[in-house]
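The structure appears below as structure tokens.
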Amino acid sequence: MSSTEQTTEQAAEQHPVGTDLPQEHGALLPRLARQAIAHRLETGEPPPVASSLPESLTRPGAAFVSLYRGEGLRGCMGTLAPTRPLVESVVSTATDAAFNDPRFESVQQRSELDELTVTVSVLGEAELMAADSERELLEQLVPGEDGLILQDGNRRATFLPAVWASLPDPQDFLAQLKLKAGLMPDHWSPDIQFARYRSVTFTDPPPAG
């Protein structure tokens with residue numbers, strides 16, 4: 001069994017980490033994400049997972065890594081379920097955000113990476129929502145705080161709580177999430193499911209100079 005498999009197996013036996021992640025530990029994550037992208041740019045190889053990390057970062061956790069150029073999104077990928085150590089999720093999704101987000105061209109140069117803001121959002125446990133209509137669902141949402149997962153058959157999408165900053169109206173927020181999942185804005189079905197979650201976000205701005 002490899003060391004990575006051992007780490008993942010050990011993490012599966014631990015309680016997942018979420019919004020209870022200590023601030024000083026979470027602040028390490030976007031720096032590790034930037035280092036992972038830099039390693040891939042410089043070597044072409046998958047980045048190694050750092051050792052000697054706080055215990056909280058080795059517990060299972062779900063996270064999204066987002067890259068920004070100024071105010072504009074440059075890439076965003078993540079995981080919704082805490083199936084592996086948080087630090088592994090962050091390192092993997094960091095490189096996915098930089099190189100595998102189908103909405104954007106890959107980051108090509110270290111100089112471009114140095115112009116990007118890197119954020120890591122660590123997700124709390126998702127809570128299924130009971131709603132028989134769109135109105136019932138909207139009444140339960142807390143703008144600015146709830147992330148939302150939508151699933152209908154094989155259609156699935158999520159918006160992080162940060163998306164409320166650009167879509168502050170709950171009805172618009174939901175309509176755009178449906179579009180992201182490949183559904184019409186007014187779509188509703190008996191099989192549609194929603195879950196909400198909270199998150200904590202940590203940011204690494206572009207290096208000075």
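Coordinate-derived values only; no laboratory data. A quick note: this is a predicted structure, and the numbers were derived from the prediction, not measured. Neighbour counts are summed over all protein chains in view; Cβ atoms, including those assigned to glycine, are modelled from backbone coordinates with ideal geometry.
Please determine, in degrees from 0 to 90 and to the nearest 10, the orientation of helix 86-99 with respect to the longest principal axis defined by the Cα atoms of the chain, where the helix direction is its Cα long axis.
On a 0 to 90 degree scale, this one is about 80.
At what distance in angstrom do the alpha carbon centres of the range 21-95 and the range 170-192 lie from each other?
The two parts, judged by their Cα centres, are 29 Å apart.
Nothing charged except the Cβ atoms of Lys and Arg (+1) and of Asp and Glu (-1): what's the magnitude of the dipole of the chain about its Cα centre? Round to the nearest 20 debye.
Dipole magnitude for the chain comes out near 420 debye.
Specify, per residue and in Å³, the volume enclosed by the convex hull of the alpha carbon atoms belonging to the range 127-197.
Cα-based convex hull of the range 127-197, divided per residue, equals 75 Å³.
Rank-order 183-196, 121-134, 65-78 by packing density, defined as the average count of other C-beta atoms within 10 Å over each peptide's residues, highest first.
Top of the packing list down: 65-78, 121-134, 183-196.
Taking the number of other C-beta atoms within 10 Å as the exposure measure, put 166, 111 in order starting with the fewest.
Listing 166, 111 from fewest to most nearby Cβ atoms yields 111, 166.
Putting +1 on Lys and Arg Cβ atoms and -1 on Asp and Glu Cβ atoms, find which of 93, 142, 57 reaches farthest to the positive end of the dipole of the chain.
Final value for the positive-end residue is 93.
With 10 Å bins from zero, work out the P(r) of the chain over every alpha carbon pair and list the percent per bin.
8, 33, 34, 20, 5, 0
To the nearest 10 degrees, how steep is helix 3-12 against the longest Cα principal axis of the chain, on a 0 to 90 scale?
With rounding to tens, the tilt is 40 degrees.
With +1 assigned to the C-beta of every Lys and Arg and -1 to the C-beta of every Asp and Glu, and no other charges, what is the dipole magnitude of the range 123-209 about the Cα centre in debye, to the nearest 20?
Roughly 300 debye for the range 123-209.
Once both axes come from the Cα atoms, what is the angle between helix 28-43 and the longest principal axis of the chain, in degrees from 0 to 90, rounded to 10?
Compared with the principal axis, the helix lies near 60 degrees.
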